[in-house]
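Here's the structure we're looking at; comments come further down.
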Amino acid sequence: MKRGFRRFWSTCMACLTVFCLVSAGFAADNLTPVKLTVFLGRPSQQPTPDNKIFKKIEQEFGVTFEFDILAGDLDQKLGVLIAGGDYPDMMTGDTKLIDAGAFIPLEDLIEQYAPNLKKHYEKAWYLMKYNDGHVYVLPNYGVFQGDYRYNESYGPAFWIQKAVLKEFGYPKVKTLDQYFDLIQQYKEKYPTIDGQETIGFEILSEGWRNFCLKNAPQHLVGNPNEGGVIVKDGVAKIFAGTDIDKRYFKKLNEVNQLGLIDRESFVLSYDQYLAKLTSGRVLGMFDQRWNFQRAEESLKTQEKILRTYAPCPVVYDESIKDYYLDRPPVNVNRGFGISVNAKDPVRIIKLLDALYDERWQKLLYWGVEGDDYLVNEQGRFYRTPEQRVQYDDPAWKQANTGLDFAAYSPKMEGTFSDGNATSPGMQPEEYYESLKPEDKELLNAYGYKTYGEFFSTPPENPMHYPAWSIPIEDGSPAKIASLKLDDLANKYLPKAILAQPAEFDTIWAEYVVEIGKVDVKAYEDVVNAGIQERIKNAQAQ
């Protein structure tokens, strides 16, 4: 009731704020200098004071930014924000913030001041509504226009160093057994890399990123990423503790006996995990590419291209069709929201609406024409080798791009009206030309032009997809059950992996018994209600 009252009160105050702003007749071309405070919920680096993209925003809109960039644990940071109520103007979305009443509803602001955003989100509106019917966060990914190309996957896969594939003549890797066999052979042949012990397989289990520990089994049996459930015929059930789950962790137990799993895996922080990948001595892991992309960028800067990773969408056996790659879903509750403390919500929504214009989208994702990319006689965007090298340099990005801000902003995905892709990585000819010689050699060996071709072509997303984005209110029985399942996974799965083989079944049986004590039905009921609500709304729309 307390959370519901918080949301109700923040909604009332937001409506009053919007009414007052409208009555005051705020001009569309308001250029009065303003500094917006912004919380970015992922680790990154501050842009330089003279960053050329942010300077252009300041010149055109009178807006500068003060960024609070996540350092450390996200849940802890959100707890501090919520406890103090000292919210910045804009924040990256999270259901904890919504439940705490930290965001204002956006639907009226969009209707009155954001025609570009209104059109952009019109087909995704039913997914964007929170449990109370309001829209609090603008999804940052998953709403497409024109053609979408699967040149890369930034989602889940088992990843393997390109050096391993090269060493063994670029074999097809289809099953989990084949994947670990390659890693074992390579580690035996090269017990050290750059003077440090070779790590066969790394597992990240810190905080909310423990999907690297838990989520693989759903993919190994040919299901897409639904989070902690598998959805069949519109019905979600957890897979924790099932035979599907057990088979994977028993394999990891066997792999551990071979000395392939990092002994420090289960005590690593996220930054320590990235540092290990950046060292170039980790041969493989299950992860989502966006989660370890910073390590890849560092390896490229070090010119250790063969120590970067290729995807292996492996399954338990070759009769199963892989389903790792999906049609990117609407990333609900994960873009920017406007906080209840924002002094000028209209100014913010107008800014985001203006930045959705094609001219600004090209600036944000391609850069400045002539400096960061060129246009050929056919009107196609491309980059020189020198421009591609600078784009891979994190220090250059800090001074010349606004990508960390743009990553959470509403964006065009697919193609612009002139037929060019909305980012360099999605431009087919630019994608291939930007690849390093090592990447081209690897892809040519498999007969591919892109890394996306390692995956099976995904079907259309189900209307509910993905189940992991269905909001579950903090403090509810469903949320309590979800957290208990997480705690049990963090307690028992490392024990099962590290146990002696003779102890595995006993530990697993204890895990299953403990899962049986959790109110799993409360969790599944909320997820299934969310699935049915999305299906109903999609059909109505």
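Tell me which GluC sites (Glu not before Pro) from segment 295-358 have a DSSP coil assignment and no more than 12 other beta carbons within 10 Å of their own.
Sites meeting the loop and neighbour criteria: Glu303, Glu318.
Put +1 on the Cβ of every Lys and Arg and -1 on every Asp and Glu Cβ in the chain; which of Gly101, Ser44, Leu213 then has its Cα farthest towards the positive end of the dipole?
Gly101
Suppose every Lys and Arg Cβ carries +1 and every Asp and Glu Cβ carries -1, with no other charges. What dipole size does segment 471-540 come out with about its Cα centre, to the nearest 20 debye?
I would put it at about 160 debye.
Could you rank the peptides 121-129, 373-381 by their average count of other C-beta atoms within 10 Å per residue, with the highest value first? Mind showing how you got there, number by number?
Numbers: 121-129: 17.2, 373-381: 13.0.
In decreasing order of mean packing, 121-129, 373-381 become 121-129, 373-381.
Can you list residues whose amide H is under 5 Å from Asn461's amide H, if they're 5+ apart or on another chain and H is modeled 1.01 Å from N?
Those lying under 5 Å, H to H, from Asn461 are Arg327.
Using r as the Cβ-Cβ distance of Trp290 and Asp147, and R0 as 22 Å, what FRET efficiency do you calculate, to the nearest 0.05?
0.50
HN-Hα J couplings of segment 78-85 from phi, Karplus 6.51/-1.76/1.60, θ = phi - 60°, integer Hz, Gly and Pro as x?
Each residue of segment 78-85 in turn: 5, x, 5, 4, 5, 4, x, x Hz.
Beyond 21 Å between alpha-carbons counts as too far, so tell me which of Lys187/Lys246; Lys304/Lys397; Lys251/Lys276; Lys276/Lys436; Lys172/Lys321 fall in that bin. Write out the running numbers ahead of the final one.
Working: Lys187/Lys246 26 Å; Lys304/Lys397 19 Å; Lys251/Lys276 23 Å; Lys276/Lys436 23 Å; Lys172/Lys321 14 Å.
Among Lys187/Lys246; Lys304/Lys397; Lys251/Lys276; Lys276/Lys436; Lys172/Lys321, the Cα-Cα distance tops 21 Å for Lys187/Lys246; Lys251/Lys276; Lys276/Lys436.
Given an 8 Å cut-off on Cα distances and at least 6 residues of separation, report the relative contact order of segment 471-540 as a percent.
With pairs under 8 Å counted, the relative contact order is 44 percent.
Using 1/(1 + (r/R0)^6) with R0 = 30 angstrom and r between the beta carbons of Asn537 and Asp317, what's the FRET efficiency to the nearest 0.05?
Details: r = 38 Å, r/R0 = 1.26.
The value I calculate is 0.20.
Pop a pseudo-label 7 angstrom from the Cα along the beta-carbon direction at both Glu303 and Trp468 and give the gap in nm to one decimal.
3.7
Cut-off under 25 Å on the C-alpha distance; same-chain residues fewer than 8 positions from Lys123 excluded. Which lysines are left, in chain and number order?
Counting by Cα, and skipping residues close in sequence, Lys123 has these lysines nearby: Lys232, Lys350, Lys362, Lys411, Lys536.
Using a 7 Å offset from the Cα along the Cα-to-Cβ direction at both Asp68 and Asp371, what is the distance between the two label points in nm, to one decimal?
Here the modelled spin labels are 3.1 nm apart.
In debye, nearest 20: dipole of the chain around its Cα centre with unit charges on the Cβ of K, R (+) and D, E (-)? Write down the numbers at each step before the final one.
Details: 62 positive and 77 negative charges, 111 e Å.
Roughly 540 debye, rounded to the nearest 20.
What are the residues whose amide H is under 5 Å from the amide H of Val315, where those residues sit 5 or more places off or on another chain and H is modelled from the backbone?
Thr175, Leu176
Ordered by residue, what ³J(HN,Hα) values in Hz, to whole numbers, does segment 359-373 give under the Karplus form 6.51 cos²θ - 1.76 cosθ + 1.60, where θ = phi - 60° and Gly and Pro are x?
Along segment 359-373, the couplings run 4, 6, 4, 5, 5, 5, 10, 9, x, 8, 4, x, 8, 9, 7 Hz.
Provide the per-residue ³J(HN,Hα) series for segment 212-220, in order, calculated from phi with Karplus coefficients 6.51, -1.76, 1.60 and θ = phi - 60°, each as a whole number of Hz, with x at glycine and proline positions.
5, 7, 9, 8, 4, x, 4, 6, 5
For a quick check: with amide H placed at 1.01 Å from N, whose amide H comes under 5 Å from Ile203's, ignoring anything fewer than 5 positions away on the same chain?
Hits under the 5 Å cutoff: Asp262.
Under 16 Å from a label point 7 Å along Cα→Cβ of Ser417: give me every residue in segment 356-373 with its amide N that close.
356-363
Taking only C-alpha pairs under 8 Å that are 6+ residues apart, what is the relative contact order of the chain in percent?
23
Taking Cα Rg over 2.2 N^0.38 Å straight from the coordinates, which label in (1) 0.99; (2) 1.04; (3) 2.09 is the correct one?
Given (1) 0.99; (2) 1.04; (3) 2.09, the calculated one carries the label (1).
Put +1 on the Cβ of each Lys and Arg and -1 on the Cβ of each Asp and Glu in segment 344-494; which of Trp360, Leu485, Tyr446 then has its Cα farthest toward the positive end of the dipole?
Leu485
So what is the diffusion coefficient of segment 471-540 in µm² per second by Stokes-Einstein at 37 °C and 0.692 mPa s, using a Kirkwood Rh over Cα pairs?
Roughly 237 µm²/s, to the nearest whole number.
Could you tell me which residue out of Ser339, Thr415, Tyr373 lies farthest along the dipole of the chain toward its positive end? Charges go on the beta carbon: Lys and Arg +1, Asp and Glu -1, centred on the Cα centre.
Positive-end residue among those listed: Ser339.
I want to check the label-to-label distance for Asp86 and Gln272. Put each point 7 Å from Cα in the C-beta direction and report it in nm to one decimal.
Those two pseudo-labels are separated by 3.0 nm.
List Arg289, Arg307 from most exposed to least, where exposure is judged by having the fewest other Cβ atoms within 10 Å. Walk me through the intermediate numbers first.
Numbers: Arg289 17, Arg307 25.
Fewest-to-most Cβ neighbours within 10 Å comes out as Arg289, Arg307.
Using R₀ = 35 Å, calculate the FRET efficiency as 1/(1 + (r/R₀)^6) where r is the Cβ-Cβ separation of Ser476 and Arg327; round to 0.05. Let's see the in-between values first.
On the way: r = 30 Å, r/R0 = 0.87.
The computed FRET efficiency comes out at 0.70.
Each reported figure results from applying straightforward, stated rules to the coordinates on display, with no laboratory input. Remember, it's a predicted structure, so these values are computed and weren't measured experimentally. Note that each Cβ is placed from the backbone with ideal geometry, even for glycine, and that neighbours are counted across all protein chains shown.
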